[in-house]
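Taking it in order: structure first as structure tokens, then the write-up.
A short reminder: the numbers here are calculations on the coordinates, not readings from a lab. These numbers were taken from a predicted model, which means no experiment stands behind them. For neighbour counting, all protein chains shown are included, and Cβ atoms are generated from backbone atoms with ideal geometry for every residue, glycine included.
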Amino acid sequence: MKDLVFDLIEQEKIRQKEGLELIPSENYVSADVLEAMGSVLTNKYSEGYPSFEGVPGWDEKRIADEILPNYRYYGGQINVDRIERLAIDRACKLFHADHANVQPHSGANANEAVYYAWLEPGDKVLAMNLGHGGHLTHGSPVTRSAHIYEFVAYGTDESGDIDYNEMEELALSNDVKLILVGYSAFMKIPDFKRVAEIRNKAEKKWGHEILLMADMAHVAGLIAAGEHPNPLDFGFNVMTTTTHKTLRGPRGGLIMTKGKVGSPLKKMPEKTLENIPILVDKAVFPGTQGGPLEHVIAAKAVAFGEALKPEFKNYAKKIVENAKVLAKELIDRGFVLQGGGTENHLILIDMKKSFDINGKIYEKALDMVGLTLNANALPGDTGGAFKPNGVRLGTPAITTRGLGVEEMKVLAGWMEDVAKICQKAEGDLDKYENDLERIHAEVRGLATEFPVPSL
């Protein structure tokens, strides 16, 4: 008899098939990515690294065929080394990086490793305010890194864009060691060139190198496809990301670096921007992690290979197109959007201004009809973590399923209907169970027309 866990997995398959995923940090992987994730590589311990000789720039056949010395603490690494080198090489090609570390278990781990690589306890970091769209790992007091380093927060202006004047003022009034551009709820395209100029001014003021770091977890797939500027092309030293979201890979982290590549398990190099690839590798292992998850790294390699194909560029283009159409349709139906729309795949709605309801009740109501998004705080939000005034949604997952601009109009209509039900319900959604079930049936009907690729 199979474990009860498998019954629950089957129920989750049904939920995913019959509903539509609007959470912007989620996506559907391919059958090949799933196969790599469930492979025998899960049995292998591989503390350390493959040799970096010749990476990047090798052709894939040579990477897959050649046996090189490695820097591992266990034997039996021939195939693991080849797979990890493939993942590194493909990531470098995707993101114009000199080196990539594919071992971080998550985006949070990736960020922690970069901090550990460059900073000393008490050093200052300039990063986006969580309440203005930043991420927990960018200085929230509930995180470990906030107890080790001092975070200085910049915000957004009335247009929803980064307040670059505030960023520059803070960089010149605080002796920062790292400037971070990254976010989890930000709908604009950052001005990476201006941030690099601010870094240059701050370096002259303080007389030392300042690391430029971009956490592009949400838009990495758009960057890989050329639908979004690449911070590494504008003087940034490090880019971190998750490998799911728009990149459509397994859940995990990734760090791309510019600079000198070498063995991370030899003598500690001098702490300079040129040496950041080696410093980051040392910070990941043995600095902050133990054994890498080689089955996940294999799945990352598969996903990176998929992202290098021409069809991925078309996919990324459609993500942005769908997001812009959905944003316009929502505005036309009375929804108030943070920043007045979107330039990427993210949409943040002020439900208080739109329909005088909070984001959590709206999230719950949409769940009841098979549309999944998440409640999210807005700049200056007083609703707290569990009753914020906003909701966050995006188009990566539904675009993977093949939904297009016509379906965005249908989605916006359902979202308006549910919002009006929430207005009338005044917190008691059970009174409108029949209305919600009618919409749920319509959502199921559309969802089944666009199957999840890997299910």
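Cross-link candidates for K328: which aspartates and glutamates have Cα within less than 16 Å, leaving aside residues fewer than 8 places away along the same chain?
Result set, ordered by chain and number: E343, D350, E406, E407, E416.
Count neighbours as other Cβ atoms within 10 Å of each site's Cβ, and list the GluC sites (Glu not before Pro) in segment 216-278 that are DSSP loop with at most 15 such neighbours.
Of the GluC sites (Glu not before Pro), the ones in loops of segment 216-278 whose Cβ has at most 15 other Cβ atoms within 10 Å are E270.
Could you point to the residue in S51, A425, A316 farthest towards the positive end of the chain's charge dipole, with +1 and -1 charges on the Cβ of Lys/Arg and Asp/Glu respectively?
Final value for the positive-end residue is S51.
Have a look at the DSSP beta bridges in the chain and tell me what percent are antiparallel, nearest 5.
About 55 percent, rounded to the nearest 5.
Once amide H atoms are placed 1.01 Å from N in the peptide plane, what residues at a sequence separation of 5 or more from H135, or on another chain, have their amide H within under 5 Å of its amide H?
S184
Sequence-distant or interchain residues sharing an amide H contact under 5 Å with N27, placed H: which?
Counting only residues 5 or more places away or on other chains, the set is K245.
Could you go through segment 178-195 in sequence order and give the Karplus-derived ³J(HN,Hα) for each residue, using 6.51 cos²θ - 1.76 cosθ + 1.60 with θ = phi - 60°, rounded to whole Hz, and x for Gly and Pro?
8, 10, 10, 10, x, 6, 10, 8, 9, 9, 9, 9, x, 8, 5, 5, 5, 4
How big is the dipole moment of the chain about its Cα centre under a simple scheme where the beta carbon of each Lys and Arg is +1, that of each Asp and Glu is -1, and everything else is neutral? Debye, nearest 20, please.
Roughly 720 debye for the chain.
Taking a cut-off of 23 Å between Cα atoms, list the lysines near K364, but don't count ones fewer than 8 places away on the same chain.
Qualifying lysines at Cα under 23 Å: K13, K17, K245, K352, K353, K387, K409, K420, K424, K431.
Which ordering of V5, V296 is given by a fewest-first count of other beta-carbon atoms within 10 Å?
Ordered from fewest to most neighbouring Cβ atoms within 10 Å, V5, V296 come out as V5, V296.
Listing W206, W414, W118 from the residue with the fewest other Cβ atoms within 10 Å to the one with the most, what is the order?
Going from least to most buried by this count: W206, W414, W118.
Using the Cα centre of the chain as origin and beta-carbon charges of +1 (Lys, Arg) and -1 (Asp, Glu), tell me which of L4, G76, I349 is placed farthest towards the positive end of the dipole.
Positive-most Cα among the choices belongs to G76.
Tell me, what ³J(HN,Hα) does each residue in segment 7-23 have, in order and in whole Hz, if you take phi through Karplus 6.51 cos²θ - 1.76 cosθ + 1.60 with θ = phi - 60° and put x for Gly and Pro?
These are the phi-based 3J(HN,Hα) values: 5, 5, 4, 4, 5, 5, 4, 5, 4, 5, 5, 9, x, 10, 8, 10, 5 Hz.
Taking amide H atoms as placed 1.01 Å from N in the peptide plane, list the residues 5 or more away in sequence, or in a different chain, whose amide H sits under 5 Å from that of H345.
Here nothing satisfies the definition.
When a footprinting reagent is the concern and you count Cβ atoms within 10 Å, what order do D367, D215 take, fewest first?
D367, D215
Return the sequence-ordered ³J(HN,Hα) values of segment 378-393 in whole Hz as given by the Karplus equation 6.51 cos²θ - 1.76 cosθ + 1.60 applied to θ = phi - 60°, using x for Gly and Pro.
10, x, x, 4, 10, x, x, 5, 10, 9, x, 7, x, 9, 10, 8
Using helices alone, what [θ] at 222 nm do you get for the chain, with -39,500 (n - 2.57) per DSSP H run of 4 or more residues, divided over all residues and rounded to the nearest 500?
It lands at -13000 deg cm²/dmol.
Can you list which of the chymotrypsin sites (Phe, Trp or Tyr not before Pro) found in segment 62-111 are DSSP loop residues with at most 15 other C-beta atoms within 10 Å?
Here the chymotrypsin sites (Phe, Trp or Tyr not before Pro) that fit, given the DSSP loop and packing criteria, are Y73, Y74.
Looking at T372, H440, G340, which one has the Cα that reaches farthest to the positive end of the dipole of segment 312-449 (charges on Cβ: Lys, Arg +1; Asp, Glu -1)?
G340
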